[in-house]
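The values are calculated or read from the model by the stated rules, or taken from the named source; none is laboratory data. Worth saying up front: this structure is predicted, and the values here are computed from it rather than measured. Cβ placement follows ideal geometry from the backbone for every residue including glycine, while neighbour counts extend to all protein chains displayed. For the accessible areas, the whole protein counts, side chains as well, though only heavy atoms, and no ligand, DNA or RNA atoms are used. Shrake-Rupley method; radii C 1.70, N 1.55, O 1.52, S 1.80 Å.
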Amino acid sequence: MNDEPIRFDTKIAVLLREDLETWQRLNVTSFLVSGLGAEAPEVIGEPYEDADGVPYLPMFRQPVLVFEGTKEVLTAAHARVLSRSLPRALFTSDLFATGNDRDNRAAVRAVATADLDLVGLAVYGPRNAVDKVLKGAWMHP
(Lines give C-alpha, C1' and ligand atoms only; values in the text may rest on other atoms or scores of the structure.)
Protein backbone atom coordinates (compact mmCIF):
# COMPACT_ATOMS: atom_id res chain seq x y z
CA MET A 1 0.00 0.00 0.00
CA ASN A 2 1.29 3.44 -0.95
CA ASP A 3 1.19 5.87 2.01
CA GLU A 4 2.22 8.95 0.02
CA PRO A 5 -0.38 11.74 0.06
CA ILE A 6 -2.55 11.96 -3.04
CA ARG A 7 -2.34 15.31 -4.80
CA PHE A 8 -5.02 16.44 -7.21
CA ASP A 9 -4.54 18.73 -10.20
CA THR A 10 -8.18 19.68 -9.89
CA LYS A 11 -10.28 21.35 -7.21
CA ILE A 12 -13.91 21.08 -6.14
CA ALA A 13 -15.02 24.24 -4.39
CA VAL A 14 -18.24 25.71 -3.04
CA LEU A 15 -18.60 29.45 -2.46
CA LEU A 16 -21.37 30.55 -0.09
CA ARG A 17 -22.65 34.05 0.56
CA GLU A 18 -21.54 35.07 4.04
CA ASP A 19 -24.98 36.11 5.30
CA LEU A 20 -26.69 32.70 5.06
CA GLU A 21 -28.21 30.97 8.07
CA THR A 22 -26.59 27.68 9.12
CA TRP A 23 -29.40 25.55 7.68
CA GLN A 24 -29.15 27.48 4.41
CA ARG A 25 -25.39 26.89 4.18
CA LEU A 26 -25.87 23.16 4.58
CA ASN A 27 -28.79 23.02 2.15
CA VAL A 28 -27.05 25.11 -0.51
CA THR A 29 -23.80 23.14 -0.24
CA SER A 30 -25.53 19.78 -0.61
CA PHE A 31 -27.55 20.93 -3.63
CA LEU A 32 -24.57 22.53 -5.33
CA VAL A 33 -22.23 19.57 -5.13
CA SER A 34 -24.91 17.15 -6.32
CA GLY A 35 -24.63 18.57 -9.83
CA LEU A 36 -20.90 18.17 -10.23
CA GLY A 37 -20.87 14.37 -10.40
CA ALA A 38 -23.34 14.38 -13.28
CA GLU A 39 -21.34 16.92 -15.28
CA ALA A 40 -17.86 15.66 -14.39
CA PRO A 41 -18.11 11.92 -13.60
CA GLU A 42 -14.35 11.73 -13.06
CA VAL A 43 -14.85 13.43 -9.67
CA ILE A 44 -16.63 10.32 -8.35
CA GLY A 45 -14.51 7.64 -6.70
CA GLU A 46 -15.13 3.94 -6.30
CA PRO A 47 -17.96 2.48 -4.19
CA TYR A 48 -17.28 1.86 -0.51
CA GLU A 49 -17.58 -1.40 1.39
CA ASP A 50 -17.18 -2.07 5.09
CA ALA A 51 -15.36 -5.05 6.64
CA ASP A 52 -18.60 -7.08 6.57
CA GLY A 53 -19.01 -6.56 2.84
CA VAL A 54 -21.90 -4.10 3.12
CA PRO A 55 -21.75 -1.80 0.07
CA TYR A 56 -22.09 2.00 0.15
CA LEU A 57 -22.43 4.57 -2.60
CA PRO A 58 -19.33 6.13 -4.13
CA MET A 59 -18.49 9.70 -3.17
CA PHE A 60 -16.19 12.39 -4.49
CA ARG A 61 -12.63 11.16 -4.94
CA GLN A 62 -11.20 14.39 -3.54
CA PRO A 63 -12.03 16.95 -0.86
CA VAL A 64 -14.67 19.62 -1.36
CA LEU A 65 -13.39 22.97 -0.14
CA VAL A 66 -16.00 25.40 1.15
CA PHE A 67 -15.45 29.14 0.97
CA GLU A 68 -17.53 32.18 1.77
CA GLY A 69 -17.66 35.73 0.57
CA THR A 70 -19.77 38.81 0.23
CA LYS A 71 -22.49 39.19 -2.38
CA GLU A 72 -19.98 41.16 -4.47
CA VAL A 73 -17.37 38.39 -4.23
CA LEU A 74 -19.97 35.84 -5.31
CA THR A 75 -21.07 38.00 -8.26
CA ALA A 76 -17.46 38.44 -9.40
CA ALA A 77 -16.77 34.70 -8.99
CA HIS A 78 -19.84 33.92 -11.10
CA ALA A 79 -18.58 36.17 -13.90
CA ARG A 80 -15.13 34.55 -13.73
CA VAL A 81 -16.48 30.98 -13.78
CA LEU A 82 -18.61 31.82 -16.83
CA SER A 83 -15.66 33.41 -18.65
CA ARG A 84 -13.57 30.28 -17.99
CA SER A 85 -16.35 27.87 -19.01
CA LEU A 86 -15.71 25.65 -15.97
CA PRO A 87 -18.31 23.13 -14.77
CA ARG A 88 -20.46 25.00 -12.25
CA ALA A 89 -23.69 24.87 -10.30
CA LEU A 90 -25.55 27.82 -8.83
CA PHE A 91 -28.07 28.42 -6.09
CA THR A 92 -30.12 31.61 -5.99
CA SER A 93 -32.13 33.06 -3.14
CA ASP A 94 -35.32 32.26 -5.08
CA LEU A 95 -34.69 28.54 -4.57
CA PHE A 96 -35.37 28.80 -0.84
CA ALA A 97 -39.04 29.31 -1.73
CA THR A 98 -39.35 26.28 -4.04
CA GLY A 99 -39.63 22.65 -3.12
CA ASN A 100 -38.65 20.62 -6.16
CA ASP A 101 -36.33 20.45 -9.14
CA ARG A 102 -38.92 21.61 -11.69
CA ASP A 103 -39.69 24.78 -9.75
CA ASN A 104 -36.01 25.36 -9.01
CA ARG A 105 -35.14 25.27 -12.71
CA ALA A 106 -38.09 27.55 -13.55
CA ALA A 107 -36.99 30.06 -10.89
CA VAL A 108 -33.47 30.27 -12.34
CA ARG A 109 -34.74 30.38 -15.93
CA ALA A 110 -36.96 33.38 -15.08
CA VAL A 111 -34.02 35.64 -14.17
CA ALA A 112 -31.37 37.12 -16.49
CA THR A 113 -27.78 36.13 -15.73
CA ALA A 114 -26.81 39.61 -14.54
CA ASP A 115 -29.82 39.75 -12.21
CA LEU A 116 -29.39 36.40 -10.44
CA ASP A 117 -29.42 36.80 -6.64
CA LEU A 118 -26.66 34.27 -6.01
CA VAL A 119 -26.23 32.68 -2.60
CA GLY A 120 -23.98 29.81 -3.67
CA LEU A 121 -21.76 28.59 -6.46
CA ALA A 122 -19.93 25.30 -6.95
CA VAL A 123 -17.06 24.96 -9.38
CA TYR A 124 -14.78 22.17 -10.57
CA GLY A 125 -11.67 22.41 -12.68
CA PRO A 126 -7.90 22.83 -12.69
CA ARG A 127 -6.71 24.05 -9.29
CA ASN A 128 -5.24 27.31 -10.58
CA ALA A 129 -8.39 28.16 -12.57
CA VAL A 130 -10.66 27.49 -9.58
CA ASP A 131 -8.37 29.59 -7.37
CA LYS A 132 -8.74 32.49 -9.81
CA VAL A 133 -12.53 32.13 -9.79
CA LEU A 134 -12.53 32.29 -5.97
CA LYS A 135 -10.36 35.40 -5.73
CA GLY A 136 -11.49 37.48 -2.74
CA ALA A 137 -13.25 34.58 -0.98
CA TRP A 138 -12.03 33.02 2.25
CA MET A 139 -12.25 29.54 3.72
CA HIS A 140 -15.51 28.84 5.54
CA PRO A 141 -14.86 28.74 9.29
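Annotations
- Of all residues in segment 27-47, those satisfying the criterion of being open to solvent by 60 Å² or more (accessible area, probe 1.4 Å), part of a helix (DSSP H, G or I) and either aliphatic (A, V, I, L, M) or touching a residue at least 60 places away in the same chain (Cβ under 8 Å) (or both) are 31, 38, 39.
- Applying the criterion of at least 3 residues that are more than 18 Å from the chain's Cα centre (by Cα) to the helices (runs of 4 or more DSSP H) found wholly in segment 50-141 leaves 101-109.
- Conditions (1) over 19 Å from residue 68 (Cβ atoms); (2) modelled with pLDDT under 95; number of the one not met by residue 111: (2)
- Where residue 92 falls short, out of the listed (1) open to solvent by 60 Å² or more (accessible area, probe 1.4 Å); (2) in contact with an Asp or Glu (Cβ under 8 Å, 6 or more places away or on another chain): (1)
- The sole residue among 84, 80, 105 that is open to solvent by 40 Å² or more (accessible area, probe 1.4 Å) and in contact with a Gly (Cβ under 9 Å, 6 or more places away or on another chain) is 84.
- Unmet requirement for residue 24, which otherwise passes all of (1) over 14 Å from residue 89 (Cα atoms); (2) open to solvent by 100 Å² or more (accessible area, probe 1.4 Å); (3) not in a loop (DSSP other than H, G, I, E, B): (2)
- Segment 108-130, subset within 17 Å of residue 36 (Cβ to Cβ) and out of contact with any helix residue (DSSP H, G or I) (no Cβ under 9 Å at 6 or more places or on another chain), residue most open to solvent (accessible area, probe 1.4 Å): 127
- Scanning segment 15-49 for residues that are over 12 Å from the mean Cα position of the chain (by Cα) and under 21 Å from residue 117 (Cβ atoms) yields 17, 18, 19, 20, 21, 22, 23, 24.
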